[in-house]
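Student: Let me give you the structure first, and then I'll get to my questions.
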Amino acid sequence: MSLPTLQDFRGEKIDMVCDRCDRYGEYDRKALVKKLGAKTQFVELRRIMAIGCDRRGTDKCEARFPCLLQANILIERRK
Ligand SMILES: [Zn+2]
């Protein structure tokens, strides 16, 4: 099973929140596709968007995409 990419999500806006770092962002999906490509994985997207998070790259950063949860898209395999 491959990880979901930008083309797997059909909504117009992609939102990202990080409770730990107190960040919130909303992004236009088409703009992201244009900029990064439709095959960009969400895990990769999260890494890019978490730039600015104080705890980026550590377990303490909890950047996630609420819109994907609503669409029932899991961006990572459960352990
Ligand atoms: Zn964070």
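Student: Check whether at least one residue in region 13-20 is of a type in the set (A, V, I, L, M) and part of a loop (DSSP other than H, G, I, E, B), and report yes or no.
Tutor: no
Student: In a loop (DSSP other than H, G, I, E, B) and under 13 Å from residue 67 (Cβ atoms): does that describe residue 10?
Tutor: In short, yes.
All of the numbers you see were taken from the coordinates with simple rules; none came from a lab. Owing to the predicted nature of the structure, the values given are computational and were not obtained by experimental measurement. Reconstructed Cβ throughout: ideal geometry from the backbone, glycine too, with neighbour counts over all protein chains shown.
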